[in-house]
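Colleague: Have a look at this one.
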Amino acid sequence: MAIQRDSKHTRRYIDEALGKFLIKSDIVERTKYAWVYLRAMRRLGDDPLARTLGITAPVNPAAPNDVDLADAEHYMYARFLAGSTGDPSTRGLVVAYELVKVVRYALNDEKSLRTDPRFPVLAPAMGAVDWGLSGVKDGLNDFAKENPGKPGSVGAAYQANKDLASGQYTNMYRMYGQRS
């Protein structure tokens, strides 16, 4: 039986997260903070990057398994990556991640995908891909608005994702820290 997703609930998570950081006038900065906030929610408020950025998130015991929250986090992460790099190949990251999840789930090896061993990687789903691709689209629009006429950096999202996935938060913060 497939897990039911509620796009309205996902949208509420996204809007709430962006709304919490309206003080950030730069949209890419706002999406970074919103992504970290959503990630911290999924991690029951316990996330090192959230602590570094001074972000607190509510604790809901059901959050690590909430597919709508996961979709919102994936949307915001993809939006942040695309918006900060202008990299159109961010779309490939979204699709590739879901394909890797399919393989790892088929091999009964979900735990190898975890960036924090305490929290599950939810099962692959086209709904997650749809939200991620929507985030890429919005992020590329953000980049274009912030950088008129400037092309994105193809491959930059892959490097940023690699740094994030390997837990190198300090490198990510240095690369995409406070913008002037």
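Read-outs throughout are calculated quantities, based only on the coordinates presented, and are distinct from any laboratory measurement. Just so you know, these numbers come straight off a predicted model, no measurement behind them. Don't worry about glycine lacking a Cβ; one is built from the backbone with ideal geometry, like all the others, and counts go over all protein chains shown.
Colleague: Suppose every K and R has +1 on its Cβ and every D and E has -1 on its Cβ; what is the size of the dipole of the chain about the Cα centre, in Debye to the nearest 20?
Modeller: On the way: 25 positive and 21 negative charges, 51 e Å.
Roughly 240 debye for the chain.
Colleague: Something else: Kindly give the semi-axes, whole Å and largest first, of the ellipsoid equivalent to the chain, taking each as the square root of 5 times a Cα gyration tensor eigenvalue. Present the calculation step by step, with values, prior to reporting the outcome.
Modeller: Numbers: eigenvalues 112, 70, 53 Å².
Taking √(5λ) for each Cα gyration eigenvalue gives 24, 19, 16 Å.
Colleague: Could you order peptides 58-64, 130-136, 29-35 by the average number of other Cβ atoms within 10 Å of their residues, highest first? Walk me through the numbers before you get to the answer.
Modeller: Numbers: 58-64: 12.4, 130-136: 23.0, 29-35: 25.0.
For the peptides 58-64, 130-136, 29-35, the packing ranking is 29-35, 130-136, 58-64.
Colleague: Calculate the FRET efficiency for R104 and T52 from the Cβ-Cβ distance with a Förster distance of 22 Å, rounded to the nearest 0.05.
Modeller: Values: r = 28 Å, r/R0 = 1.29.
So, using R0 = 22 Å, E works out to roughly 0.20.
Colleague: Please compute the Kirkwood hydrodynamic radius over the stretch 1-76, one decimal place, Å, based on all pairs of different Cα atoms. List each step's numbers first, then the result.
Modeller: Numbers: mean 1/r = 0.0804 Å⁻¹.
It is 12.4 Å.
Colleague: Taking the Cβ-Cβ separation of M126 and K20 as r and a Förster radius of 35 Å, what is the calculated FRET efficiency to the nearest 0.05?
Modeller: Values: r = 29 Å, r/R0 = 0.82.
According to the calculation, E is roughly 0.75.
Colleague: Restricting to lysines 8 or more places apart or on different chains, can you count the pairs in the chain with Cα atoms under 21 Å from each other?
Modeller: Lysine pairs meeting the criterion: 16.
Colleague: Between R118 and N60, what length in nm is gained on full extension when 0.36 nm per residue of separation is reduced by their alpha carbon distance? Kindly include the intermediate steps, with their values, before the conclusion.
Modeller: Working: separation 58, 0.36 × 58 = 20.88 nm, distance 1.48 nm.
Going from the current span to full extension adds 19.4 nm.
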